[in-house]
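Below is one structure, written out as structure tokens; the observations come after it.
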Amino acid sequence: MTIADIPLGLKLARQAGWNQIETDWRRFLTMQPDGCFVGELDGTAVATTAAFIFGPVAWIAMVLVDIDSRRKGVATTLLKHALEFLDGQGVKTVRLDATAAGQPVYEKLGFVPEYPLSRYVGTPKPSPKSAALMLPPTIGRQLKAIAAFDCEMTATPREKMLARLFEESPDLTRVLYREGRVEGYVTGRRGANATLIGPCIATAHAGPVLLNEALSRCAGQPVFIDVPRDNAPAIEIVENSGLTVQRHFTRMCRGARIQDHVEAIWASSGPEKG
Ligand SMILES: CC(C)(COP(=O)(O)OP(=O)(O)OC[C@H]1O[C@@H](n2cnc3c(N)ncnc32)[C@H](O)[C@@H]1OP(=O)(O)O)[C@@H](O)C(=O)NCCC(=O)NCCS
């Protein structure tokens, strides 16, 4: 896939009702130019996928097949190609967030379910708990410390992705420190249908503060937020803000299992980036 294929990516995302915009496709192509692929059927481009390598871990995302070309093996062929690419790069673990439509395709390729996430949608109410503790990060100096904290919690070295997200949406980014140490952060991105809040990775102390603040900052606007079902305090905060479940994703894994801390994931980054 190249920049010239972005219109295809946008068309397929719109067709599936997904939230990604051109900025997202540009980020994918910048982060992993050799990992984004287009699938063709009889010479016509009809499908996309994007794979990102974060050290030993990779994410697969944006598996989209044109509605008229489905159930012909296009996604399976494209995924096999992406997995071959990742295996060739020495990746040990491949993860993704599957929709209900995608899950059976991934299972046949050796992915196993890890845990469920719920996609919440709605227009948050302002939260009385919103605090004035947050500082928008001056990315240059703080990125390393934030990325190290993120890696400790997610077991995935995602600095290149976080750098892009912070740069794209400084207004949605907040970091919380205690005694000079990163306790958590939240960021987000604008989308075609709503603002996606996430990732929000934080300790038990910082998570509620950051999540409430992010929801409050987006009060009155449509938002999406993907929360692991196993993070009960996060679910409670999101439901109290007035959001409701639209659908579920299943986080899946192929290869070596990695130990992320689900209790520290207050909002995932969205299905295209974990
Ligand atoms: C999910 C999605 C990517 C699957 O794409 P696809 O190209 O239809 O997938 P495949 O054709 O490889 O496999 C789908 C099914 O068709 C079957 N199939 C494959 N080749 C076939 C053929 N020649 N004839 C009939 N069926 C065939 C597969 O066995 C599979 O069956 P299953 O659903 O019972 O497991 C597509 O439906 C889509 O874009 N959905 C919307 C976006 C989405 O949810 N993406 C997944 C994100 S996680």
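The values are calculated or read from the model by the stated rules, or taken from the named source; none is laboratory data. Note that the structure is predicted; figures quoted are calculated from it, not measured. Cβ placement follows ideal geometry from the backbone for every residue including glycine, while neighbour counts extend to all protein chains displayed.
Put simply, of 73, 9 the only residue that is touching a strand residue (DSSP E or B) at 6+ places or on another chain (Cβ under 8 Å) and either on the phi > 0 side of the Ramachandran plot or small (Gly, Ala, Ser) (or both) is 9. Scanning the stretch 103-131 for residues that are touching a Pro at 6+ places or on another chain (Cβ under 9 Å) and small (Gly, Ala, Ser) yields 118, 122. Out of the residues in the stretch 10-27 that are more than 19 Å from residue 98 (Cβ to Cβ) and surrounded by 21 or more Cβ atoms within 10 Å (Cβ to Cβ), state the one that is nearest to the ligand (Cβ to nearest atom). Going through the qualifying residues, I end up with 25. Within the stretch 52-62, the residues that satisfy the criterion of being touching a residue at least 40 places away in the same chain (Cβ under 8 Å) and either near the ligand (Cβ under 7 Å from one of its atoms) or buried (at least 18 other Cβ atoms within 10 Å of the Cβ) (or both) are 52, 54, 57, 59, 61, 62. One residue stands out among those in the stretch 111-126 that are assigned to a loop (DSSP other than H, G, I, E, B) and at pLDDT 95 or above: the one that is surrounded by the fewest Cβ atoms within 10 Å (Cβ to Cβ), which is 123.
Entry remark, the stretch 103-117: residues being touching a helix residue (DSSP H, G or I) at 6+ places or on another chain (Cβ under 8 Å) and within 20 Å of residue 225 (Cα to Cα) number 1 in total. The condition (being within 14 Å of residue 262 (Cβ to Cβ), surrounded by fewer than 22 Cβ atoms within 10 Å (Cβ to Cβ) and of a type outside the set (Phe, Trp, Tyr)) is satisfied by just one residue among 229, 190, 181: 229.
Within the stretch 11-47, the set of residues being of a type in the set (A, V, I, L, M, F, W, C) and free of Cβ contacts under 8 Å to residues at least 60 places away in the same chain comprises 12, 16, 25, 29, 36, 37, 38, 41, 45, 46, 47. I want to confirm something. Restricting to the stretch 65-110 and keeping residues that are buried (at least 19 other Cβ atoms within 10 Å of the Cβ), without any contact (Cβ under 8 Å) to a residue 40 or more places away in the chain and within 19 Å of the chain's Cα centre (by Cα), which single residue is nearest to the ligand (Cβ to nearest atom)? The residue in question is 102. What do you reckon, is residue 246 in the same structural domain as residue 165 (by TED's automatic domain parsing), in contact with a Lys or Arg (Cβ under 6 Å, 6 or more places away or on another chain) and under 20 Å from residue 123 (Cβ atoms)? The answer is yes for residue 246.
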